[in-house]
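Asker: Before anything else, here's the structure in question.
The values are calculated or read from the model by the stated rules, or taken from the named source; none is laboratory data. This structure is a prediction, so every number in the text was calculated from the model and none was measured. In this analysis, Cβ positions are derived from the backbone assuming ideal geometry, glycine residues included, and neighbour counts consider all displayed protein chains. Only protein heavy atoms, including side chains, enter the accessible area calculation; ligands, DNA and RNA are left aside. Shrake-Rupley method; radii C 1.70, N 1.55, O 1.52, S 1.80 Å.
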Amino acid sequence: MNNGIASCDNIFSHRFEPDKMFSHSRVKIAIIGAGPVGSLCACFMAENGYDVTVYESRKDIRLEKSTSGRSINLALSERGINALQFIGLDNIVIEELTEPMYGRMIHSIDGQKYSIMYDVNKNKCLYSVSRKELNAFLLTKLENYSNVKLNFSHKLVNVDFNSKLLTFQKLLENQLETVKPDIIIGCDGAHSVIRKHMTRLPMFNYSQTYIDHGYFEINLPSTETKDTLTPGHLHIWPRNTFMLIALPNKDKSWTCTLFMPMDKFPLILESEKEEILRFFNEYFKDFMDLIQPEYLLNQVTNGEARTLISIKCNPYHVNDSFLLMGDAAHAIVPFYGQGMNAGFEDCTILNQLLEEFDHDLKTVIKTFTSRRIQDAEAISDLALYNYIEMRDLVARKSFLWRKKLDNILNKWFPQTWISLHSAVSFTTISYKQCKLDNQWQDQVLFRIFILFATFFSIALYFIFAAIMSKTLQ
């Protein structure tokens, strides 16, 4: 493991003594999925003294060489940091694993560049982090708990909601295992097996939407960049219906992602090498100055475009013993960088409910849906809107003027006027309230515009009338 994970071992090896935990060890919690949200949820439940077993269908990702192309870099923001703080990992994760992004660097098609800072008044930032490295860090953290057991290569194949029986296929031993925990928490991602079984139950509502756009990941190694890409930024090449973005990594490389309509990808990925280079040179000329053509072609010709899905369901629980969290409950498209943060905030909400209802797990599970669902649906809608903003609106003068106006009003009224992006990324204001506040701000600015337009029209009328009167004399 890397130094960051080793540091985690040293700092927290003494922290989890049984006499410092709540006495809930007789309650057995099964968490399905050992991704970032599942791992963090397991940490939360272990901190509260529960007997936790985590089941993951994949092998231990810490033993894998690479997961390139599988996922987009994550942007850690306030909600995720707040959740990590509960288990004492906020500062060490930021220091060991992340690179700060203080704003967007926009690359115009004519080669011009300009920076749009996220927060000019308080200089707040997002943190770019590798999904795999963060996941590995949390898994290593889990190993410090004596009341947590990790089971990799355990594929969930059957769920009995009445008897609370879970059947797993042990992939390494090619045999079945049935367990009966007290509480089951599904954190097994957008293609959740737990949720799939829930869809067969009456009164369980579920919808999924594949958006028309997909993504393709490109690695820009540190040896290629030569500090040409300005550090401290999320770089965006907006091209109306598609875009390229680049997020910094700790090793000074960049994870780049091309987003575009799925029906357009074959025209690029399946083209001749000359056509591939022509496309990138036409639309991303300054990006091509940073990467060797052969290195780019090797990635494009050997990779594949991946789909993006948005999932909503209701409720998040079945009976009083099954609960969905993270992408299993509310998968969203990645354009607000809030997928992981929303999942981490789920853990915070769950922990708040445990305190509020004095660890009455039946009440906690039933309450989680009503406490969370409106916020989850709000960020799902906002994420779709933000794609339009990133690929198109950021290149428009009207967007830049609105951003400047938001900054001025925030400086004058810091508690009242918080821009939508800042509210979502740099506060823990509920997603639903962020959306409502933005609608209110739009109405205020529209009314101010109408007021000024009215005064201007009246003034213009009187000026014109005075000129005409003098002319007639």
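Asker: Conditions first: (1) assigned to a loop (DSSP other than H, G, I, E, B); (2) free of Cβ contacts under 8 Å to residues at least 12 places away in the same chain. ASN91 passes all but one, so which condition is the exception?
Answerer: (1)
Conditions tested, residue by residue: (1) within 27 Å of TYR385 (Cβ to Cβ); (2) open to solvent by less than 100 Å² (accessible area, probe 1.4 Å); (3) part of a helix (DSSP H, G or I).
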{"residue": "ILE429", "(1), (2), (3)": "yes, yes, no"}
{"residue": "LEU436", "(1), (2), (3)": "yes, yes, yes"}
{"residue": "LEU445", "(1), (2), (3)": "yes, yes, yes"}
{"residue": "PHE455", "(1), (2), (3)": "no, no, yes"}
{"residue": "PHE462", "(1), (2), (3)": "no, no, yes"}
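Asker: Of all residues in the stretch 96-126, how many are at positive phi and without any contact (Cβ under 8 Å) to a residue 60 or more places away in the chain?
Answerer: Residues flagged as at positive phi and without any contact (Cβ under 8 Å) to a residue 60 or more places away in the chain within the stretch 96-126 amount to 1.
Asker: Test of understanding: among GLU224, GLU294, GLU274, GLU270, which residue is exposed (fewer than 15 other Cβ atoms within 10 Å of the Cβ) and at pLDDT below 90? Steps first, please.
Answerer: Values: GLU224 fails: exposed (fewer than 15 other Cβ atoms within 10 Å of the Cβ); GLU294 fails: at pLDDT below 90; GLU274 fails: at pLDDT below 90.
GLU270 is the lone residue from the list that is exposed (fewer than 15 other Cβ atoms within 10 Å of the Cβ) and at pLDDT below 90.
Asker: Among (1) aliphatic (A, V, I, L, M); (2) outside any helix (DSSP H, G or I); (3) more than 17 Å from the chain's Cα centre (by Cα), which single condition is LEU400 missing?
Answerer: The number of the failed condition is (2).
Asker: Can you pull out the residues in the stretch 340-349 that are open to solvent by 10 Å² or more (accessible area, probe 1.4 Å) and either touching a Gly at 6+ places or on another chain (Cβ under 6 Å) or touching a residue at least 24 places away in the same chain (Cβ under 8 Å) (or both)?
Answerer: Taking the stretch 340-349 first, the residues open to solvent by 10 Å² or more (accessible area, probe 1.4 Å) are 340, 345, 348-349.
MET340, GLU345, THR348 - these are the residues of the stretch 340-349 that are open to solvent by 10 Å² or more (accessible area, probe 1.4 Å) and either touching a Gly at 6+ places or on another chain (Cβ under 6 Å) or touching a residue at least 24 places away in the same chain (Cβ under 8 Å) (or both).
Asker: From the list LEU176, LEU166, LEU172, which one is at pLDDT 95 or above, more than 28 Å from the chain's Cα centre (by Cα), open to solvent by 60 Å² or more (accessible area, probe 1.4 Å) and of a type outside the set (S, T, N, Q)?
Answerer: Values: LEU166 fails: open to solvent by 60 Å² or more (accessible area, probe 1.4 Å); LEU172 fails: at pLDDT 95 or above.
It is LEU176.
Asker: Of the conditions (1) over 24 Å from PRO36 (Cβ atoms); (2) charged (D, E, K, R); (3) in contact with a helix residue (DSSP H, G or I) (Cβ under 6 Å, 6 or more places away or on another chain), GLU345 fails just one. Which one is it?
Answerer: Failing condition for GLU345: (1).
Asker: Okay, moving on. Inside the stretch 354-366, can you point out the residues that are surrounded by fewer than 17 Cβ atoms within 10 Å (Cβ to Cβ) and part of a helix (DSSP H, G or I)?
Answerer: GLU355, GLU356, LYS362, THR363
Asker: Any residue in the stretch 124-134 that is at pLDDT below 95, over 17 Å from GLY33 (Cβ atoms), in a loop (DSSP other than H, G, I, E, B) and in contact with a helix residue (DSSP H, G or I) (Cβ under 9 Å, 6 or more places away or on another chain)?
Answerer: Within the stretch 124-134 (the criterion being at pLDDT below 95, over 17 Å from GLY33 (Cβ atoms), in a loop (DSSP other than H, G, I, E, B) and in contact with a helix residue (DSSP H, G or I) (Cβ under 9 Å, 6 or more places away or on another chain)), the answer is yes, since at least one residue qualifies.
Asker: Now, a different point. I need the full set of residues from the stretch 96-130 which are within 27 Å of PHE44 (Cβ to Cβ) and open to solvent by 60 Å² or more (accessible area, probe 1.4 Å), in order please.
Answerer: Hits for the stretch 96-130 are GLU96, LYS124.
Asker: May I ask you to verify whether ILE211 is open to solvent by 20 Å² or more (accessible area, probe 1.4 Å) and in contact (Cβ under 8 Å) with a residue 40 or more places away in the chain?
Answerer: Values: open to solvent by 20 Å² or more (accessible area, probe 1.4 Å): yes; in contact (Cβ under 8 Å) with a residue 40 or more places away in the chain: yes.
For ILE211, the condition - open to solvent by 20 Å² or more (accessible area, probe 1.4 Å) and in contact (Cβ under 8 Å) with a residue 40 or more places away in the chain - is met.
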